[in-house]
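Working notes, structure below.
FYI, it's all coordinate maths here, none of it is from the lab. Treat the numbers as computed from the prediction; the structure is a model and nothing was measured.
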Amino acid sequence: MKKILSLVLAMLMIISMVPAVFAADASESDYQAAIEYLKALELYKGTTDGDAADELVERYQMALFTARMVTGRVDKAYWETDVNDSGFTDIDALDAEGLGGVTYAAQQGIVNGIGGGEFAPFDNVTYRDAIVMIVRALGFNYPTGYPWSYINKARELGVLDGITGVTYTVEVKREVIAQLLYNAINAEIKGETIAATVFGVEETIVMVTASPDGIVYDVLSSRTNKDKM
């Protein structure tokens with residue numbers, strides 16, 4: 001039987017080799033542990049510029065993130081299509097993977113668009129709308145009360161844990177999306193998590209190591225059965 005996910009964060013300070021007080025690399029994301037965890041699952045990708053933690057996330061990218069999250073299908077080829085069955089009239093300029101991700105998200109009710117049959121795929125997603133997409137992907141849909149019904153549900157599920165200083169209407173960075181996705185796949189719903197049931201995660205250990213150059217994050221163990229899907 002699959003074990004419920006265990007995330008262990010360990011801080012190692014080798015006193016004989018490094019100063020007792022040091023500063024982390026200023027470029028390091030506060031959400032790096034979540035980023036490394038998602039990278040181990042191949043869920044956090046989509047850019048060739050490293051982690052790109054400071055990059056803003058476009059709406060089609062957020063839809064693709066949620067599609068990967070709920071299916072466990074992180075391979076690009078799985079999503080590629082040249083058929084627009086989304087109902088949106090403004091997404092034909094997307095690449096094949098993006099088109100497939102948005103179409104899936106639309107068909108599953110994860111995204112509803114901005115009205116008039118449009119999705120605005122290349123607009124940057126706001127924190128509010130990223131939360132809405134994730135909560136819908138987790139199986140909760142509220143016909144009224146947008147966005148607060150979704151935000152309140154996200155709080156209840158722990159999806160917003162560890163995120164501070166981000167207002168709901170601001171355009172959101174990849175690092176924040178990483179924390180939302182990490183929280184979402186580990187949110188327990190009816191006694192189960194996406195991490196266990198979709199990705200087959202048994203155990204993941206992220207080692208956080210102190211060094212003179214800053215903080216180093218290493219995924220030491222990530223045992224899954226996702227290759228059997």
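Put one equal scatterer on each alpha carbon of segment 26-164, apply the Debye formula with no solvent term, and list log10 I(q)/I(0) at q = 0.11, 0.12, 0.15 1/Å to two decimals.
-0.40, -0.48, -0.76
Check Glu58: other-chain or 5+ apart residues with amide H under 5 Å from its amide H, H built from backbone geometry?
Amide H neighbours of Glu58: Val125.
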